[in-house]
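The values are calculated or read from the model by the stated rules, or taken from the named source; none is laboratory data. All values reported here derive from a predicted model rather than from experimental measurement. Virtual Cβ from ideal backbone geometry, glycine too; neighbours counted across all protein chains shown. Heavy atoms of the whole protein, side chains included, go into the accessibility calculation; ligands, DNA and RNA do not. Shrake-Rupley method; radii C 1.70, N 1.55, O 1.52, S 1.80 Å.
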Amino acid sequence: MAKALFFDIDGTLWDFENYIPDSTREAIRRLRENGHLTFLCSGRSRAFIQNPHLLGLGFDGIISGCGTMVEYKNQRLFYRTIPADLAIRTVETVHQYGFRPILEGADDLYLDRADFESDPYGKKIIREMGEHLLPIKENWGKWEISKLSCATTGADQKSCFAALEDSYDYIVHNADVVEMVPKGYHKGTGIQKVCELLGMELSDTFAFGDSVNDLGMFTTAGTAVAMGNGSEAAKAAATYVTDSLHENGIWNACKHFDLI
């Protein structure tokens, strides 16, 4: 019976240098050859999923923005944006409490470069996004976004979270990084939406991930696979812990479950 497999990107399919193991490439190819459906399932918004080597692996669909957007066979089936008035209130509030935001949408990302000149992840975004990276201030209130990520080093996370708790769920990676997602959305709601649209059972789904923003899909999918290089929280929530990304983790897990 055909299964649907959902793969996180960073730390799961590739590393920080965008290296994808050959075994992962072959696993995706064989999964599709065997009739299974494969999906990217990322906290990244769609604008930040453009790498041709990644997309060239051949996925049937993409869940992006922590479940706020769903695509299947190159068709956009669902997209939940943040209303302009809430977006403005959000940016004003996170600035008040010392957060440095990255606003994330389907077509563009927005950040103020001065906030990220010495930040490795910010540098990565600036390097990779090109013309689809726009400044926040110069586009004030005109952002088209579905979520945001914030650098929070030295910021007052607790007070900011309380000020916006009516509108957002928070994925706290550590004291330095938090993702803010419209309330009620996560990677697992994206998987639910795909199953509804395709008439599949959640019991026939597999989720692969490595971090706290994968917990939503781990609690939703029929089988949750944590990478060996993943966080302890991800491993604790998983059905099965495979080897690390660099030790053929995806290939080995797919073999373990007789999918390839």
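The test for being under 30 Å from residue 98 (Cα atoms), in contact with a Leu (Cβ under 9 Å, 6 or more places away or on another chain) and buried (at least 21 other Cβ atoms within 10 Å of the Cβ) holds for residue 234. Select from region 6-17 the residues that are modelled with pLDDT of 95 or more and either out of contact with any Phe, Trp or Tyr (no Cβ under 7 Å at 6 or more places or on another chain) or part of a loop (DSSP other than H, G, I, E, B) (or both) and list them in ascending order. Those that are modelled with pLDDT of 95 or more and either out of contact with any Phe, Trp or Tyr (no Cβ under 7 Å at 6 or more places or on another chain) or part of a loop (DSSP other than H, G, I, E, B) (or both): 8, 9, 10, 11, 12, 13, 14, 15.
Report yes if residue 104 is in contact (Cβ under 8 Å) with a residue 40 or more places away in the chain, open to solvent by 40 Å² or more (accessible area, probe 1.4 Å) and under 15 Å from residue 46 (Cα atoms), otherwise no. Judged against the criteria, residue 104 is not a match. Kindly indicate whether any position in region 110-130 is over 28 Å from residue 17 (Cα atoms) and surrounded by fewer than 16 Cβ atoms within 10 Å (Cβ to Cβ). Taking every residue of region 110-130 in turn, none turns out to be over 28 Å from residue 17 (Cα atoms) and surrounded by fewer than 16 Cβ atoms within 10 Å (Cβ to Cβ). Which of the following residues is within 15 Å of the chain's Cα centre (by Cα) and of a type in the set (Ser, Thr, Tyr): 23, 64? Sole residue among the options that is within 15 Å of the chain's Cα centre (by Cα) and of a type in the set (Ser, Thr, Tyr): 64.
Could you tell me which residue of region 237-246 is farthest from residue 3 (Cα to Cα), considering only residues that are open to solvent by 20 Å² or more (accessible area, probe 1.4 Å) and among the β-branched types (Val, Ile, Thr)? In this case the residue turns out to be 241. The set of residues in region 80-90 being among the β-branched types (Val, Ile, Thr) and farther than 23 Å from residue 187 by Cα consists of 88 alone.
The residue of region 171-183 that is most open to solvent (accessible area, probe 1.4 Å), among those that are over 17 Å from residue 217 (Cβ atoms) and not aliphatic (A, V, I, L, M), is 183.
Close Cβ contacts (under 8 Å, 6 or more residues apart or on different chains) running from residues in region 1-28 that are closer than 20 Å to residue 128 by Cβ and among the charged types (D, E, K, R) to residues that are at pLDDT below 95 and outside any helix (DSSP H, G or I) comprise 10/16. Does region 141-158 include one or more residues that are open to solvent by 20 Å² or more (accessible area, probe 1.4 Å), assigned to a strand (DSSP E or B) and over 26 Å from residue 53 (Cβ atoms)? The answer is no, given that none of the residues of region 141-158 is open to solvent by 20 Å² or more (accessible area, probe 1.4 Å), assigned to a strand (DSSP E or B) and over 26 Å from residue 53 (Cβ atoms). Exactly one residue among 28, 88 is surrounded by fewer than 19 Cβ atoms within 10 Å (Cβ to Cβ), of a type in the set (Val, Ile, Thr) and in a helix (DSSP H, G or I), and that residue is 88. Here residue 233 fulfils each of the conditions (1) without any contact (Cβ under 8 Å) to a residue 24 or more places away in the chain; (2) assigned to a loop (DSSP other than H, G, I, E, B); (3) within 30 Å of residue 256 (Cα to Cα) apart from (2).
Across region 184-230, the qualifying residues are those that are in a helix (DSSP H, G or I), out of contact with any helix residue (DSSP H, G or I) (no Cβ under 8 Å at 6 or more places or on another chain) and more than 19 Å from residue 35 (Cβ to Cβ), and the one among them that is most open to solvent (accessible area, probe 1.4 Å) is 196.
Let's see how each residue does on (1) under 18 Å from the mean Cα position of the chain (by Cα); (2) of a type in the set (Lys, Arg); (3) under 22 Å from residue 133 (Cβ atoms); (4) open to solvent by less than 50 Å² (accessible area, probe 1.4 Å):
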{"position": "39", "(1), (2), (3), (4)": "yes, no, no, yes"}
{"position": "42", "(1), (2), (3), (4)": "yes, no, yes, yes"}
{"position": "59", "(1), (2), (3), (4)": "yes, no, no, yes"}
{"position": "75", "(1), (2), (3), (4)": "no, no, no, no"}
